[in-house]
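A quick write-up on the structure given underneath.
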Amino acid sequence: MSFNPQVVADQIFELTSIAGIKTTAICMTRFRLNLRDYNKIDLAALKSLDGVADAVIVDEQLQIVMGLGKVVKVYECFKPYLENDAVILAEIKR
């Protein structure tokens, strides 16, 4: 199965929206989400997604590790899901 960023974005939204997305950000290899309730996150399900290398919660932030090149594509597909009250911090750190 080839990597499909729209499918991965859809799946990430399905698995994280129940936790209340507050903010999002990306860097070169990670999709970062600040959430209202981390207890609702199924890390094993996130880790099983195509293109996801790891998923961890660090310092009150969910970090989904995808690797170089994939995270930007997934984030572009994810942006339409963001609610009006979510702060978008999509700065690519170089």
Using θ = phi - 60° and Karplus 6.51 cos²θ - 1.76 cosθ + 1.60, couplings along the stretch 72-81 (whole Hz; Gly, Pro as x):
5, 5, 5, 4, 4, 6, 7, 3, x, 6
Each label sits 7 Å from Cα toward the beta-carbon; between Glu76 and Thr23 the label points are separated, in nm, by 2.5
Projected area averaged over all directions for the convex hull of the alpha carbon atoms of the chain, nm², comes out at 5.5
With the full set of protein chains in place, find how many percent of the accessible area of the chain is carbon and sulfur; take the probe as 1.4 Å.
50
Check: in the chain the Lys pairs 8 or more apart or on separate chains whose Cα atoms fall under 19 Å apart number 8
Report the calculated FRET efficiency for Arg36 and Gln6 (r = Cβ-Cβ distance, R0 = 25 Å), to the nearest 0.05.
0.50
Give me the Å³ per residue figure for the convex hull around the C-alpha atoms of the stretch 7-54.
71
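The values are calculated or read from the model by the stated rules, or taken from the named source; none is laboratory data. Keep in mind that this is a model prediction, so the values were computed, not measured. Counting neighbours? That spans all protein chains shown, and the Cβs are built from the backbone with ideal geometry, glycine included. Please note that ligands, DNA and RNA were not included when accessible areas were found on the heavy atoms of the full protein model with its side chains. Shrake-Rupley method; radii C 1.70, N 1.55, O 1.52, S 1.80 Å.
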